[in-house]
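Each reported figure results from applying straightforward, stated rules to the coordinates on display, with no laboratory input. Just so we're clear, the structure is a prediction, and the values are computed from it rather than from any experiment. Don't worry about glycine lacking a Cβ; one is built from the backbone with ideal geometry, like all the others, and counts go over all protein chains shown.
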Amino acid sequence: MKRAGRRAEVEENARVFHRIRRRAKGPSEVRKRLAELHAQMQDQVPPGFAVPEPEPGAAAVVDDFLPPELRGPSHDQVEGEMMPWKQPLVLDGEIAVCAVCGAYRDWLILSTRGQIWLRCRAGHQQQETRIDTAWYNRHSGPADATHATFEDCLRHLGH
């Protein structure tokens, strides 16, 4: 039993020494190629590396994405926005009803100066305090048109 263990130990030592002798002959082809590539890349710098940051006061000039004729008006250039709401409007578990005529569907919801107004088909308007501009923004889609007057917008939406 001792001979078998000793023999396995001798064989293992022979393998280790064989590996050491193989390394002593010189680097493998892969190691040579890696050393050549490393030497070639010594003087190269990736693009943008070690480029000084722009000064904080200097603003970069960037062209706008859209040309001026395709830009829509910004929020500060618009008096307000409106969207149609055909179905009954349920707020806090109650259906919104026109205070004058009793209409409960086919609303225009207007958002202007941080306030929300409801306009029924008959043209009656009432401020709705249970809705805020965040609610309006979540439920309104993208604007499909801009109009110079309130009446033009009403005609566009069929009211």
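Name the pairs whose Cβ atoms lie under 7 Å apart, with the first residue in segment 115-129 and in contact (Cβ under 8 Å) with a residue 40 or more places away in the chain, the second assigned to a strand (DSSP E or B), and 6 or more positions between them or separate chains? Partner pairs satisfying both residue conditions: ARG119/TRP107; ARG119/LEU108; ARG119/LEU110; ARG119/GLN125. Of all residues in segment 138-156, those satisfying the criterion of being of a type in the set (A, V, I, L, M, F, W, C) and more than 13 Å from GLY123 (Cα to Cα) are ALA143, ALA145, ALA148, CYS153.
In segment 133-144, the residues that are closer than 16 Å to GLY114 by Cβ reach residues that are part of a loop (DSSP other than H, G, I, E, B) with C-beta atoms within less than 8 angstrom, at least six apart or across chains, in these pairs: THR133/GLY114.
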